[in-house]
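The values are calculated or read from the model by the stated rules, or taken from the named source; none is laboratory data. As the structure is a computational prediction, the values presented were derived from the model and not from experiment. No Cβ is skipped: glycine too gets one built from the backbone with ideal geometry, and neighbour counts run over all protein chains shown. Ligands, DNA and RNA are excluded from the accessible area calculation, which covers all protein heavy atoms including side chains. Shrake-Rupley method; radii C 1.70, N 1.55, O 1.52, S 1.80 Å.
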Amino acid sequence: MHKHDQLYIDGRWVSPASPRRIAVINPYTEQPVGHVPDADSGDADSAVEAARRAFPVWSATSVDERVALLKRCHEIFTAKRDAFTATLVSEVGMPAKLTRRIQVGLPMQQFDIFADLLPTALAERQIGHSRVLREPIGVVACITPWNYPLHQIVAKVVPAIVAGCTVVLKPSEVAPLNAFLLAEVFDEAGLPPGVFNLVTGYGASVGQRLVSHPDVDMVSFTGSTAAGRAIGQAASATIKRVALELGGKSAAVVLDDADLPTAVRATVSSCFLNSGQTCTALTRLVVPHSRYEEAARLAVEAAERFTLGDPNDDATRLGPLVSRAQQERVHALIRRGIASGAELLLGGAEAPLPARGYFCLPTVFGRVAPGSVLDQEEIFGPVLSILTYPDGDDAAALAIANGTIYGLAGAVWSQDAGRAARVAGKMRAGQIDINGAAFNIRAPFGGFRQSGNGREMGIYGIEEFTELKAIQMPAS
Ligand code: NAD
């Protein structure tokens, strides 16, 4: 059991104002695996005060000092990677081998990459007679979700700190245990008091206090579009910068000359990764009318190979959803999808499930109508929608791909590189993969439209936490 009764504020473990706790539930066993403090706005205030006090000294440290610290953090993090993996499997439920590679592997790489990119990201530029500097924005509140909890935390907290900011982290109340391990990494690495602070609790209490706090200069938020709207509103009273990384309903556009079996298999894998609880999941497969029957058969075959089971069993490809509430939400959306007239090809919300664990069956819908619930709503479960467009009409395929409030990711499949590049160029989304190209951890990550307005990762992810200053020099 992970019993956490204290918060990490000003370089020390301190007791929260109230003894209230939040239980963390293992989504496979449905049993508690630990608890964390249910902090309140007074605790959030103490953390912001500590971060504010630490800012002048920390922001004045040299780039070399911060790079050296990152390298120390990387070593300590690497030594704890098995503990991170076990903790994340127990609170998120993603299969262990994928958790190790993605949920722990990506953050581990980020320490090194940010150390490498820091000098370039913060380099001074000369524009005419002006020196243009990038200075740390100040105190940053980082508010994060549960689906890739550690990756989301590291993608904010690490670049903010290395840019010279000080941070208050409020992790997801659903999967907060990994954040305590990360606090230990910073503590062991000797990060000065107040540079990193951890306050656990709910969005409505701690989250809202941080977002509206006059001494917080920036909010970096990853989560649902609904919470993003509330945060943007609350933050506007103090004109703080708000970087939002929100939901998605991303499309894989398969052009008529594409390698269909490869495209369908890759789309199903993307859609079902982490049981569909991935913001960039390709949840809409958009195929030409004449290839529909073949695409539907291939999608069902690929989806059937997603074996449900214990996340710690290497044969498992699909773990449970994160919580009972998420399971109910996904099942309700599946029922609405059936009611909308789409064809249920596999899975659904009624077939028998394992006796325990918040599972959802791999589910495939065909003949989904543009504009219907299965085309528009982020489901965040293992549910694929197949839509069709008239053969050869790339513009019609693009209209479907761009026809939601979101714009986080997308994919294009074609044997013709020029045609694929033209379609990718017209997709209104922040991350587009052509023919299954791999994720690039150094490239900017973020959304168009209601998928958000921030950019994480690479040098862009460091610049996000800076203000630009122009100093005009007199003619000599
Ligand atoms: P959520 O919006 O419910 O919660 C995210 C975080 O915000 C939690 O820490 C929560 O406590 C806090 N919060 C909620 N309401 C708040 C408020 N009014 N004020 C301040 N804080 C508040 O999201 P979730 O269910 O944890 O995560 C799933 C969502 O996250 C999905 O919509 C998914 O697409 C999105 N997501 C986006 C990205 C991305 O990079 N674009 C990455 C991962 C997840």
Round to the nearest 10 and give me the degree value, 0 to 90, for the angle of helix 63-79's Cα axis relative to the longest principal axis of the chain. 50 degrees
If we sort 62-69, 280-287, 302-309, 179-186 on the protection proxy, mean other Cβ atoms within 10 Å, highest first, what's the order? 280-287, 179-186, 302-309, 62-69
Could you work out how far helix 225-236 tilts from the main Cα principal axis of the chain, as a 0 to 90 degree angle to the nearest 10? 30 degrees
Rounded to whole Å, sorted largest first: equivalent-ellipsoid semi-axes of the chain, Cα gyration tensor: 38, 28, 19
Between the range 403-447 and the range 88-131, what's the alpha-carbon centroid distance in Å? 21 Å
Summing +1 per Lys or Arg and -1 per Asp or Glu among the other residues with Cβ less than 11 Å from Leu255's Cβ gives -4
Projected onto the charge dipole of the range 1-127 (+1 at Lys/Arg Cβ, -1 at Asp/Glu Cβ, origin at the Cα centre), which of Phe111, Pro37, Val24 gives the Cα projection farthest towards the positive end? Phe111
Listed residues Ser275, Ser476 arranged by accessible area, highest first, probe 1.4 Å: Ser476, Ser275
Among residues other than Ile76 whose Cβ falls under 14 Å from its Cβ, what is the net charge (Lys/Arg +1, Asp/Glu -1)? -2
Proximal lysines to Lys156, defined as alpha-carbon separation beneath 18 angstrom and excluding residues fewer than eight positions away on the same chain: Lys71, Lys170, Lys240
What is the Cα centroid distance between the range 197-251 and the range 338-374, reported in whole angstrom? 32 Å
J(HN,Hα) series, the range 141-157, from Karplus relation 6.51 cos²θ - 1.76 cosθ + 1.60, nearest Hz, glycine and proline x: 9, 10, 10, 10, x, 9, 7, 10, x, 6, 4, 5, 5, 5, 5, 9, 4
Straight-line reach from Lys426: which lysines have Cα under 22 Å away, leaving out those fewer than 8 places along the same chain? Lys249
Can you divide the C-alpha Rg of the range 123-246 by 2.2 N^0.38 Å and report the result to two decimal places? 1.10
Protection-proxy order for peptides 33-40, 195-202, each taking the mean of Cβ atoms within 10 Å per residue, highest first: 195-202, 33-40
Determine ³J(HN,Hα), in whole Hz, for all residues of the range 125-130 in sequence, where each value follows from phi through the Karplus function 6.51 cos²θ - 1.76 cosθ + 1.60 and θ = phi - 60°; x replaces Gly and Pro. 10, 10, 10, x, 9, 10
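If you take the square roots of the eigenvalues of the alpha-carbon gyration tensor of the range 1-135 and sort them as a ≥ b ≥ c, do you get rounded (a/c under 1.5), prolate (a/b over b/c) or oblate? Kindly include the intermediate steps, with their values, before the conclusion.
Details: a/c = 2.82, a/b = 1.47, b/c = 1.92.
Oblate, because a/c is 1.5 or more while a/b does not exceed b/c.
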Counting only DSSP beta bridges with both residues in the chain, tell me the antiparallel percent, nearest 5. 40 percent
Sequence-separation-based contact order of the range 1-147, relative, with Cα cut under 8 Å and 6+ spacing, percent: 20 percent
For the chain, dividing by residue count, accessible area per residue (probe 1.4 Å) in Å² works out to 38 Å²
Using the Karplus curve 6.51 cos²θ - 1.76 cosθ + 1.60 with θ = phi - 60°, work out ³J(HN,Hα) for each residue of the range 434-451 in order, rounded to whole Hz, and write x for Gly and Pro. 9, 6, x, 4, 6, 4, 10, 5, 8, 7, x, 10, x, x, 9, 6, 7, 7
If you split all Cα-Cα distances of the range 391-463 into 5 Å bins from zero, what percentages do you get per bin, shortest first? 4, 16, 24, 24, 18, 10, 4, 1, 0
Give me, ordered by chain and number, the residues 5 or more places off Ile25 or on other chains with an amide H under 5 Å from its own placed amide H. Val33
As I understand it, the value is the acute angle between the Cα axis of helix 292-304 and the longest principal axis of the Cα atoms of the chain; what does it come to in degrees, rounded to 10? 60 degrees
The long-range amide H neighbours of Val167, using H built 1.01 Å from N in the peptide plane and a cut-off of under 5 Å, are Val140, Phe196, Asn197
